[in-house]
Amino acid sequence: MKTEIENRRDRKMPDSTIEHIYNSALTAANYLGMESGLHILNQAFVNLSDVRDEKIEQLKKELAK
């Protein structure tokens, strides 16, 4: 029997929510600096390391343009 925390960990975040968080991080990074954007991504995807790493790389590439 899974605990409530294990059940929460197994849930997947909807793609629309992931994109919304990424866009918020991108906006923060543009206005306040890279650290702000990274902080948002790290906090939002604390249990989704694969998504977090992908979005951090995406943010870095976008800001490097």
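Please list GLU19, GLU54, GLU35 in order of solvent-accessible area, largest first, computed with a 1.4 Å probe with all protein chains present.
GLU35, GLU54, GLU19
What list of ³J(HN,Hα) values in whole Hz, one per residue of the range 14-24 in order, does the Karplus curve 6.51 cos²θ - 1.76 cosθ + 1.60 (θ = phi - 60°) give from phi, with Gly and Pro shown as x?
Karplus values, whole Hz, x for Gly and Pro: x, 4, 5, 5, 4, 5, 5, 5, 4, 4, 5.
The values are calculated or read from the model by the stated rules, or taken from the named source; none is laboratory data. Everything numeric in this text was worked out from a predicted model, so none of it was measured. The accessibility values were calculated without ligands, DNA or RNA, using every heavy atom of the protein model including side chains. Shrake-Rupley method; radii C 1.70, N 1.55, O 1.52, S 1.80 Å.
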